[in-house]
Structure formats: structure tokens, C-alpha cells
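Heads up, the thing below is written out as C-alpha cells.
The values are calculated or read from the model by the stated rules, or taken from the named source; none is laboratory data. What you see is a predicted model; the values in this text were computed from it and never measured. Methodologically, a virtual Cβ is constructed for each residue, glycine included, from the backbone with ideal geometry; neighbour enumeration extends over all protein chains shown.
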Amino acid sequence: MNISHMTALEIGAEIKNKNISPVEVTQSLLNEISAKDGVLNAYITVCAENALRQAENIRKMINKGVLCSPLAGVPISIKDNICTKNIKTSCASKILGDFKPPYNATVINSLNDAGAVIPGKLNMDEFGMGSTNETSFYGIVRNPWDISRVPGGSSGGGGAAVASGEAIIALCSDTGGSVRLPASYCGVTGFKPTYGTVSRYGLIAYASSLDQIGPIAKDAADCAAIMDVIAGKDRFDGTSLDVKFNYLQSLTGNVKGLKIGLPKECFEKGIDYGVKTKVLEAAKVFGTMGAAIEETSLPLTEYLIPAYYIISRAEASSNLSRFDGVKYGFRAEDYNNLSDLYAKTRSEGFSEEVKRRIIFGTFALSSGYYDAYYKKALKVKNIIKSKFDELFEKYDLIIMPTAPATAPKIGDEESDKLKLGLCDVFTVSINLAGLPAISVPCGFDNGMPVGMQIIGKALSDEKVLNCAYAYQQATNFHKIKPEVKTCE
């Protein structure tokens, strides 16, 4: 059997039936990483010895009947901004250096309790700031469908690893599309839950009111399975919600009677014809399954990017102020006093993109500009949420493209930053409104994957996942794998 092509649930079932062992699965995955990551650069840290030792302990616990999770023994790779005790967590930055957290994020403890194996930490845009995975201190990640193209960001390592077979599931974070955009560009499935359903404790913050942990996987069923493990109230995160869904059990594949809206603004100017065609064709599939599809309107789309930019950068300015060279991570060598230490450490430790965002955010929060920019952006955020609330009074779900185009070429960001900034135009609104959304592959344009985004009202996560599951039961796009070049 080709383990790299199997879903997490398929692997979990084979482990439960003792057809394969967690050690065999983990070694197979490590072999995939060894063969391909020299080309793709999806990982920052690979924990081969720890993972094999962990897999052997899990094998013993499964045999004793201690572990019964459908993901027991399954390797789950972790984005490098989620804290893992005694395992390097760098946020793909220079300034954090070889920082090894003294504690686990809540989601990591949940995965450990379920018997998951952690093979390594995934590459990303530095501190989650980017849409192409080109800002990492550890080098760019390449798209396995075409290594001259980006995998999307900031969770580009997760998207590339799952698509290439270097990861079974990737646990990542989404601030403005960082799970869904790589899923779209790499032809895999990425789920962003309702804000607060998964604890953010141990997630190194970019923009706290927008950040949300979510999975990138081969299909919607795997996303549901890991959500059953990581979702729930956490006393360490005051924004976490006291709700619990039965994600996996809710996957019936029945969408009959649902009303689905297609916002016309998302299919007009600025979108590639091939992407538009594939998403509209995909929407029709739900009609054949008994759902009602209707064109609708989502106004204020021109305000989404400005509001997101101001809020995310303002919060980043505050969150990243903790990195000063005093407590941990990189410290500048030549300084005269404490203020000079701060300035030189940050100047040398942060990349140009991160410094740009910090400066932008600090300006928006400064005296005389707070009301004009940050406060106004928060008002727009509330209006955006109210517009979605109005839509969901009429529709069960909303469908739109995940991105207006397929994955761009590496280096395009430097030549046209404005154009690349707009690749998040269909994803940022979901974070601003705190809604659940999933990106599923729905076809190809010029040989590159196209993603369809399914969006629901707050706390309708089960409905969103079930709709994606129904689509994947009717289509095979999520099963098509790229031919990945291996290291010589």
C-alpha cells in the first residue's frame, strides 16, 4: 500500500486492524520527507528519532486498548508557529532563533492525548505574514504541482507537504486565509473553524482577533476527524467557546434542501476566467444533489482588504513588541544601551516584510491616527459581520472562489505587491466576521489546482464540513496527486 496517498482515517483504520503499525507509517512518512523536501522545503524541523520513539509508545498503548481515537498512530505535522515543548518553534524567523518552548500549545496536548505522532514543524511565512511562503527566514516553499510556483501562505509548508505526501495532515493557523489559500493553490482541503472553537493558547500570535488554528488535509473527513480532537473550551484561552460538535459523525453527505448563495461580486472583475468557470461548475454539483443555488450580493467587498490590513497590522505591532532580544531568541551583539539593544535586535532579526507591517500597524495605532484608521476599520469589521448575518438569514451556505487566480510564479510578489496582496480578497472577510469556511479542490486551470470556498454562519462548522464532504463524495479532484520531483 502507498501510505502517502492514504487519508488519515484510512491509515488510522489500518493501524486499528493491525495491518500496519504506527512505526511503519511514521517511517514511511519520514522517507517521503527525505526524498522530496530538498526540493519543496516544506519543513523547518524534522523530528525523526522523537517521532519513531513516539510511534512505538503509541503502538504499545493501542495494543493495550488505551487509545481508541481514529487518529491514533497517525502522523500530524505542525506549523512552526504552534508551540511544541522542547521542539524548535521559530515562526520561520531569525529573531526567535532556536527557541524551544517550555510548554505545549493546548492543541498539541490534545493531539498527544489522542495518540497522534508529530514528525516535524512546517515552513511558513515569517510570523504568518505573507500569502506566498516567500518571507520565511528558512527559504521559500515550492508548490508540488509546479516548483516554479508558490504554494500559498502563510501555511505554505502545510499545503505543499499534504499535497506531496510529506504530511498526512497539517495543523496550521489562519489569520486572513493562511489555511485556505495554500489548500487552494496546492489542490488539498483546508478548514478554518468558527473563531473560538479551537484554543489559541500556544499559538504565537500575529493578529489575535483574527487568528484561528485549523487543519490542512487530503479531504473533509480528515478535517472533521482532527477537529473532534482539538476543538473545545480551554481555560487558558479566554476567547475559546464552550461548544462541542460531533464533526465526524455529522458527515452524512446529504445537502438536499439547503439554500446556497453565490455572491455576484466574487465572480466579476479581478477573477481569472478559468477559476470563475471551475467554481461555478462546482456549485452546480450541489444542485444535482438537491440543494438550491442562487445568485446573491455581498456588498462592501472593496473595503475588505483595507480593513483587514489595518486591523491585522495594528495587532501585529502590539503582539510582536515582545521580541526584544532580552528574554529569548536572537540578540544583536553590538549595542550601547537597552533602547539600542531593542532597536538593533529588531532591525537585524525581523525581515523587511515583518518590519513593514509593524511600522504600518504602529502608525495606525498612533496618537492622532487611531480614530481615523484603526477605530474606523473596527467599525467596518462589524458592518461586514452584519452583512454576512443578513445573508445567512436567507442562505444556509455561501460559495465563492478561494482565490481569484491559481498559484503565481515565485518572485511575482516582488514585481507586483499590489496584485499579490489581492490574492486574499475572498478569504479575509471570513476572519473579519469570525465564520467557518473550507477550501476544497474543484478543478484545474492551466494545470494548476483551483479551490472552491464554502462558508457558513458562525457555529455552523458541521454544516460546512458536511457540504464539503458531499461535494467530495460526488467528485474526484481531491484524489488527484501531483508528480513530485525527488532529490537526486
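Summary table
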read-out	value
Residue match in the stretch 154-174 (condition: out of contact with any Phe, Trp or Tyr (no Cβ under 9 Å at 6 or more places or on another chain), within 27 Å of ALA433 (Cβ to Cβ) and in a loop (DSSP other than H, G, I, E, B))	yes
Test result for VAL179, within 16 Å of SER77 (Cβ to Cβ) and within 8 Å of the chain's Cα centre (by Cα)	yes
Search result, residues across the stretch 347-377 that are in a helix (DSSP H, G or I), among the hydrophobic types (A, V, I, L, M, F, W, C), closer than 16 Å to SER318 by Cα and out of contact with any Lys or Arg (no Cβ under 6 Å at 6 or more places or on another chain)	VAL354, ILE358, ILE359, PHE363, ALA364, LEU365
Total residues in the stretch 67-97, condition surrounded by fewer than 22 Cβ atoms within 10 Å (Cβ to Cβ), farther than 20 Å from VAL23 by Cα and either modelled with pLDDT under 95 or of a type in the set (Lys, Arg) (or both)	4
Some residue of the stretch 159-180 being of a type in the set (D, E, K, R), touching a helix residue (DSSP H, G or I) at 6+ places or on another chain (Cβ under 6 Å) and crowded, with 24+ Cβ neighbours inside 10 Å	yes
Residue check, SER184 at pLDDT 95 or above, surrounded by fewer than 24 Cβ atoms within 10 Å (Cβ to Cβ), among the hydroxyl-bearing types (Ser, Thr, Tyr) and part of a helix (DSSP H, G or I)	no
Selected residue (criterion: farthest from SER429 (Cα to Cα)) from residues of the stretch 292-307 that are without any contact (Cβ under 8 Å) to a residue 40 or more places away in the chain and out of contact with any helix residue (DSSP H, G or I) (no Cβ under 7 Å at 6 or more places or on another chain)	ALA292
Test result for ARG322, touching a Lys or Arg at 6+ places or on another chain (Cβ under 9 Å) and either surrounded by fewer than 14 Cβ atoms within 10 Å (Cβ to Cβ) or not polar (S, T, N, Q) (or both)	no
Residue tally, condition touching a residue at least 60 places away in the same chain (Cβ under 8 Å) and either of a type outside the set (Ser, Thr, Tyr) or in contact with a strand residue (DSSP E or B) (Cβ under 7 Å, 6 or more places away or on another chain) (or both), over the stretch 93-112	11
Residue check for ALA282: buried (at least 22 other Cβ atoms within 10 Å of the Cβ), under 20 Å from ASN476 (Cα atoms) and small (Gly, Ala, Ser)	yes
Selection count, the stretch 1-27, where residues are farther than 14 Å from LYS218 by Cβ and either of a type in the set (Val, Ile, Thr) or in contact with a Ser or Thr (Cβ under 7 Å, 6 or more places away or on another chain) (or both)	5
Members of the stretch 452-488 found to be touching a Cys at 6+ places or on another chain (Cβ under 7 Å) and of a type outside the set (A, V, I, L, M, F, W, C), listed by number	none
